[in-house]
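Peer 1: One structure, pasted below without further comment.
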Amino acid sequence: MKKVDHIGIAVRDLNAVLPYYTDTLGLPLLKIEEVASQKVRVAFIDAGNIKIELLEPMDEQNAIFKFLEKKGEGIHHIAFGVDNIEERMNELRKNGVQLLSDQPKPGAGGAMVAFLHPKSSNGVLYELCEKQ
């Protein structure tokens, strides 16, 4: 793991919460994009040495919607930057860590991502994030 790349925060309405980050906290908005593979709308906020990733569900079938229904708005995951995601996934599996997918998937910002099951991480959802 290289560093913490970003913290993912689940929100119900991206447009409603963005002013808190940009106006109240004064943090710059880097970009907004839709990630079709994850069915989310994402806003990237620059918080200095880390990014905040605001995640809004695009339908009721995705993991962010289910998270919001169960836990409400708040921290969803912490993402670690990695150089070789497939190699890192294999190392984690060898160490008994359960992953949520067998292969990395396309994520926001053109990254390839994979998630560690919270049951293997003391209740925390961690993401591996390899930037292209």
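Here, each number is a calculation from the coordinates, and none is a lab measurement. Remember, predicted model here, so these are calculated numbers, not experimental data. Glycine also receives a Cβ, built like all others from the backbone with ideal geometry; neighbour counts cover every protein chain displayed.
Peer 1: Give me the three principal axis extents of region 3-130 from the C-alpha atoms, as integers in angstrom, largest value leading.
Peer 2: 45, 31, 27
Peer 1: Set the Förster distance to 22 Å, then compute FRET efficiency between Asp46 and Val97 from the Cβ-Cβ distance, nearest 0.05.
Peer 2: 0.15
Peer 1: Once the other residues with Cβ under 14 Å from the Cβ of Tyr21 are scored (Lys, Arg +1; Asp, Glu -1), what is the net sum?
Peer 2: -4
Peer 1: For the chain, with a Gaussian network of springs between Cα atoms less than 10 Å apart, report the residue from Pro28, Pro104, Pro57 with the top mean-square fluctuation.
Peer 2: Between Pro28, Pro104, Pro57, it is Pro28 that shows the largest mean-square fluctuation.
Peer 1: Sticking with this structure for a sec: Could you state the angle between the C-alpha long axis of helix 85-94 and the longest principal axis of the C-alpha atoms of the chain, as a value from 0 to 90 degrees rounded to the nearest 10?
Peer 2: Tilt relative to the chain: about 60 degrees.
Peer 1: Sticking with this one: For the chain, give the magnitude of the charge dipole about the Cα centre (Cβ charges: +1 Lys/Arg, -1 Asp/Glu; no others), in debye to the nearest 20.
Peer 2: Dipole of the chain, to the nearest 20 debye: 360 debye.
Peer 1: If you don't mind, another one. List, in the order given, every pair from Lys3/Lys66; Lys3/Lys105; Lys2/Lys131; Lys70/Lys94 whose Cα-Cα distance in the structure shown is over 23 Å.
Peer 2: Lys3/Lys66; Lys70/Lys94
Peer 1: Which stretch or stretches of region 61-103 have amide N atoms under 17 Å from the point lying 7 Å from Gln132's Cα along the Cα→Cβ direction?
Peer 2: Hits in region 61-103 for Gln132 at 17 Å: 82-86.
Peer 1: Between Leu25 and Lys119, what length in nm is gained on full extension when 0.36 nm per residue of separation is reduced by their alpha carbon distance?
Peer 2: 30.5 nm
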